[in-house]
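Student: Mind looking over this structure? Questions follow.
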Amino acid sequence: MSFSSATKDELTTLKLKGESASRAALLALTKTAGSLIISNGSMAIQYTTESYSVAKFTSKLASRLYAVEASVAVTEKTGRAARNVIVTVEGSGCAELISDSGLFSLDEGNAGIDPARISGDTDKIAFVRGAFLGAGSVNEPTRGYNLEIVCRETELSKLLIGMLSEHGIAAKTRKRKETHVLYIKDADMISGFLALMGASDAALRLEEVRTLKSISNNINRVGNCDVANMQKTAETAAIQSKSIELIAKVYGLERLPNELRQIAEARLNNREASLTSLAEELEIGRSAVNYRLQKLMKLAEELRFKYGEGS
């Protein structure tokens, strides 16, 4: 099961707080997934979804809130077409449901829905939940962060964006063919969206993936840093070895003070060793090793300047 499907399954198990919130959720479902069907002079509303749990949720809400009867049917998958679950709502209450949902009327700012029907915070959250159940999707967190709600009209996307902004959740919209897609790509905002709707399991799953990604990225950064340090150590050691070879050729290691001769010979015998390794071998401090090698590098530079060797 996809992460999006699991999230919708979780949301349909949550109880809506009161009749007002239930109506708000159904209005959003009707606005995003409902269509008017007229046959033999009778009117019905048909909801299309890929989720059986959403279909059952919708049919129960409609039957409880309006004077309608709801039936659920599953279409067979053909070719690339996904399996759909169809909810057909019939009865005298269809006209009222259509009117309440603003399915065929548009008023700037409220998408044709009476603002009084979704004025409270609880109702607004239920409306957002219904819109997501009707036309929303969310990526599997391991594949990136993206949440969408496909809206038929720009007014609906604006209404939803306004509701989300009241809770500090920033969403944007873009045109896709004949629809207006509300989308969120920020992981924190998606997590906040899921938590706002009550999808705590989905929110926890997202945070778990984010934590694992963060740990993996930190490990990679440390690994890359280690590789870079090893490369830098090798390059420095090569330069030191070349400089000591110049000293041996032009000046002679035997003429060096004992402490410098020891470190010079140690470096030539261990051309890839780190300063720490050389320090352990000579039983002196790492800073002492570094200091003595710097003196040798300075001597080599003076010899290059004087004799032009190795330049």
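Quick note: the coordinates plus some simple rules give every number you see, no bench work behind them. Predicted model, so just to flag it, every value in this text is computed and none were measured. Every residue, glycine as well, gets a Cβ built from its backbone with ideal geometry; the counts of neighbours run over all protein chains shown.
Student: Can you tell me the FRET efficiency between residue 52 and residue 234 if r is taken as the Cβ-Cβ distance and R0 is 51 Å, rounded to the nearest 0.05?
Tutor: Numbers: r = 61 Å, r/R0 = 1.20.
Efficiency at R0 = 51 Å is approximately 0.25.
Student: Quick check: convex hull of the Cα atoms in region 129-201, volume per residue, rounded to a whole Å³?
Tutor: Details: hull volume 6.2 nm³, N = 73.
Convex hull of Cα atoms, per residue: 84 Å³.
Student: Taking H placed 1.01 Å from N in the peptide plane, check which residues at least 5 places from residue 179 or on another chain put their amide H under 5 Å from its amide H.
Tutor: HN-HN under 5 Å from residue 179: empty list.
Student: What does the extension gain come out to for residue 83 and residue 304, with contour length at 0.36 nm per residue minus their alpha carbon separation?
Tutor: Numbers: separation 221, 0.36 × 221 = 79.56 nm, distance 7.91 nm.
Gain in length upon complete extension: 71.7 nm.
Student: Can I ask one more? Taking the highest mean first, how do the peptides 129-136, 173-180 order by number of other beta carbon atoms within 10 angstrom per residue? Don't skip to the answer; put the middle values down first.
Tutor: Working: 129-136: 26.6, 173-180: 12.5.
The most tightly packed comes first, giving 129-136, 173-180.
Student: Let me have the relative contact order for region 220-311, percent, based on Cα pairs under 8 Å that are six or more residues apart. It would help to have the intermediate numbers written out before the result.
Tutor: Details: 66 pairs, mean separation 30.0, N = 92.
Here the relative contact order equals 33 percent.
Student: Below 8 Å, C-alpha to C-alpha, sequence gap of six or more: please give me the relative contact order for the chain in percent. Show your work: numbers first, answer last.
Tutor: Numbers: 436 pairs, mean separation 43.8, N = 311.
Reported relative contact order: 14 percent.
Student: Ok, one more. What's the extension gain from residue 166 to residue 14 if we count 0.36 nm per residue and subtract their Cα-Cα distance? Write out the running numbers ahead of the final one.
Tutor: Details: separation 152, 0.36 × 152 = 54.72 nm, distance 2.21 nm.
Value of the extension gain: 52.5 nm.
Student: Using the Cα centre as the reference, give the magnitude of the dipole from point charges on the C-beta atoms of the chain (Lys, Arg: +1; Asp, Glu: -1; all else neutral), rounded to the nearest 20 debye.
Tutor: Numbers: 40 positive and 38 negative charges, 146 e Å.
The dipole of the chain has a size of about 700 debye.
Student: May I pose another question? Could you tell me which label, among (i) 228; (ii) 207; (iii) 127, carries the value of volume of the Cα convex hull per residue in Å³ calculated for this structure?
Tutor: Matching the structure shown: (i).
Student: Say R0 is 25 Å: what FRET efficiency, to the nearest 0.05, do residue 60 and residue 5 get from their beta-carbon distance?
Tutor: Numbers: r = 19 Å, r/R0 = 0.75.
Rounded to the nearest 0.05, the efficiency is 0.85.
Student: Let me ask another. Between their Cα atoms, which of 249/295; 15/172; 31/185 are more than 20 Å away from each other?
Tutor: Details: 249/295 17 Å; 15/172 29 Å; 31/185 24 Å.
Listed pairs above 20 Å: 15/172; 31/185.
Student: Now for a separate question. Taking 0.36 nm per residue of sequence separation and subtracting the Cα-Cα distance, how much length would be gained by fully extending the chain between residue 270 and residue 40, in nm to one decimal?
Tutor: Details: separation 230, 0.36 × 230 = 82.80 nm, distance 9.39 nm.
Contour length minus the Cα-Cα distance gives 73.4 nm.
Student: Scanning the chain for helices, which whole DSSP H stretches are 18 Å or more long along the axis (Cα) and average 0.0 or more by Kyte-Doolittle? Please list the in-between numbers first.
Tutor: Working: long enough: 18-33 (22 Å, 0.32); 52-65 (20 Å, 0.11); 121-135 (21 Å, 0.44); 200-250 (74 Å, -0.19); 286-307 (31 Å, -0.68).
Membrane-span-like by this criterion, though nothing is claimed about a membrane: 18-33, 52-65, 121-135.
Student: Within 12 Å, Cβ to Cβ, of residue 57, how many net charges do the neighbouring residues add up to if Lys/Arg are +1 and Asp/Glu are -1?
Tutor: Values: positive: 8, 15, 56, 60, 64, 129; negative: 9, 10.
After counting each charged neighbour, the total is +4.
Student: Tell me whether region 43-188 comes out rounded, prolate or oblate; compute the Cα gyration tensor, take square roots of the eigenvalues as a ≥ b ≥ c, and use a/c under 1.5 as the rounded threshold. List each step's numbers first, then the result.
Tutor: Details: a/c = 1.81, a/b = 1.15, b/c = 1.57.
Taking the square roots of the gyration eigenvalues as a ≥ b ≥ c, region 43-188 is oblate.
Student: Once the other residues with Cβ under 13 Å from the Cβ of residue 71 are scored (Lys, Arg +1; Asp, Glu -1), what is the net sum? Each step should come with its number before you reach the end.
Tutor: Values: positive: 56, 60; negative: 69, 90.
For residues surrounding residue 71, the net value is 0.
Student: Add +1 for every Lys or Arg and -1 for every Asp or Glu among the other residues with Cβ under 13 Å from the Cβ of residue 179, and state the total.
Tutor: Working: positive: 31, 152, 174, 175, 176, 177; negative: 148, 153, 155, 178.
Neighbour charge sum, excluding residue 179 itself: +2.
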